[in-house]
Amino acid sequence: MKVLVINSFLEQSHFDLIKKTADSLKLNCHFYKTEKDVAPKDYDAEIIYGFAPSIVKTSKNLKWICLPWAGVDSVLKPGYFANEDCLITNSAGSYGVSIAEHMIAMSLVMLRRLNEFFDESRECKWLSPREQKSLKDCRVTLLGTGDIGTSFAKRLRAFEPASITGVCRSGKNDSGYFDSVLPVSRLDEVLPQTDLLAMSLPATKETEGILSKERLALMPDSSYVINVGRGSAIDEDALVSALESGHLAAAALDVFKKEPLPKDSPLWKVKNLLITPHVAGNMTLAYTKDKNTQMFLEDLNNFVHGKSLRYLVDKKLGY
């Protein structure tokens with residue numbers, strides 16, 4: 001059985017570990033940095049760990065692809081796979097630490113208005129203290145309670161917020177880091193009691209435009225929004241209006257409807273909007289690379305021994 005590993009972010013130590021595991025399982029493993037480097041003779045691989053749209057769209061021999069990131073919406077379009085029965089796993093469980101730290105950082109920058117100090121310090125301005133807010137006693141709502149949301153809630157606990165409310169499709173999360181978890185059908189109830197809304201949703205039909213103009217209006221004046229899930233979840237025009245009118249104190253976006261964000265997008269000019277170029281996750285932390293590799297190897301062992309894949313994506317749900 002042939003395995004392709006296509007990844008430019010992993011270290012040699014990760015490739016060595018994958019090679020050692022593949023050898024022990026009697027697998028023929030080939031390593032490439034990008035899909036364009038893949039030799040034509042290896043297009044018949046049964047397993048791919050990485051992103052390979054050309055192979056996926058042409059090879060009926062492919063039985064399983066493990067994507068090294070969390071979002072899978074780009075590969076769930078009808079007709080994307082030559083073999084429609086190909087199994088898909090993702091690496092959602094490896095990004096919680098990285099993205100949760102990003103969310104904590106953005107929360108503190110907004111509430112403590114650090115971006116204003118940073119901007120003005122570049123002009124050599126030494127300013128007096130100004131009114132700030134704190135995560136302590138803050139009412140936080142997490143729209144999305146998967147690995148990312150739970151990892152954020154876990155770290156948020158140390159800041160003593162007034163409440164941490166989770167909102168998700170099932171309305172369930174038994175991690176112990178939330179004060180309460182509600183189904184999405186009750187989102188409108190919790191928004192008026194939300195000082196900080198943190199979003200980490202996948203891209204599905206149900207999540208598209210979930211933070212609409214009407215729901216933004218439900219949030220208290222001077223509240224905050226963070227989005228690290230998918231840009232499709234927010235009405236960007238309505239967000240701009242809410243920020244420019246002062247209804248929202250600030251927002252931090254790492255994801256957008258169109259990426260890279262076009263130069264003529266009005267989002268660039270909103271002063272109380274923090275923009276990062278989809279870098280909250282990515283394979284930039286050593287922990288993320290290690291965990292990502294471990295997850296693939298766990299399911300590689302499961303696949304070879306005919307067991308269910310632990311990180312299997314439900315194609316109907318979209319995650």
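Where a number appears in this text, it was derived from the coordinates with a stated rule and is not lab data. Everything numeric in this text was worked out from a predicted model, so none of it was measured. Heads up, the Cβs are rebuilt from the backbone with ideal geometry, glycines too, and the neighbour counts pull from every protein chain shown.
According to the Cα-based calculation, Rg over Rh for the chain is 1.01, with Rh computed by the Kirkwood formula. Applied to region 255-269, the Karplus parametrisation 6.51 cos²θ - 1.76 cosθ + 1.60 on θ = phi - 60° returns per-residue 3J(HN,Hα) values of 9, 9, 4, 10, 10, x, 5, x, 4, 8, 5, x, 4, 4, 9 Hz, with x for Gly and Pro. Once label points are set 7 Å from the Cα along Cα→Cβ at both Lys41 and Phe118, what is their separation, rounded to one decimal in nm? That separation, rounded to one decimal, is 5.0 nm. What are the residues whose amide H is under 5 Å from the amide H of Ser180, where those residues sit 5 or more places off or on another chain and H is modelled from the backbone? Here Ile164, Gly166 satisfy the definition. Could you pull out the trypsin sites (Lys or Arg not before Pro) across region 199-295 that fall in loop regions by DSSP (anything but H, G, I, E, B) with no more than 11 other Cβ atoms inside 10 Å? Answer by residue number: Lys205, Lys258, Lys263, Lys271. Here the Karplus relation 6.51 cos²θ - 1.76 cosθ + 1.60, evaluated at θ = phi - 60°, turns the backbone of region 88-94 into coupling constants of 10, 10, 10, 10, 4, x, 9 Hz, with x for every Gly and Pro.
The trypsin sites (Lys or Arg not before Pro) found in region 100-187 that occupy coil by DSSP, while having at most 10 further C-beta atoms within 10 Å, are Arg122, Lys125, Arg130, Lys136. Most tightly packed first, judged by the mean number of other beta-carbon atoms within 10 Å of their residues, the peptides 94-100, 246-252 read 94-100, 246-252. Karplus-based coupling profile of region 294-307, in residue order and whole Hz: 4, 5, 4, 5, 4, 6, 4, 5, 4, 5, 4, 9, x, 9, with θ = phi - 60° in 6.51 cos²θ - 1.76 cosθ + 1.60 and x standing for Gly or Pro. Note on Lys269: lysines with a C-alpha under 29 Å away, same-chain residues under 8 apart excluded, are Lys125, Lys133, Lys213, Lys257, Lys258. Per-residue ellipticity at 222 nm computed for the chain from its helices equals -8500 deg cm²/dmol, with DSSP H segments shorter than 4 residues left out and the rest contributing -39,500 (n - 2.57).
Just how far, in whole angstrom, is region 1-47 from region 211-263 if you go by their alpha carbon centroids? Their Cα centres are 40 Å away from one another.
A straight line joining the Cα centroids of region 81-119 and region 297-319 runs 23 Å. Proximity of backbone amide H atoms, modeled 1.01 Å from N, is registered between Arg112 and Lys133 at under 5 Å, excluding neighbours fewer than 5 places apart on the same chain.
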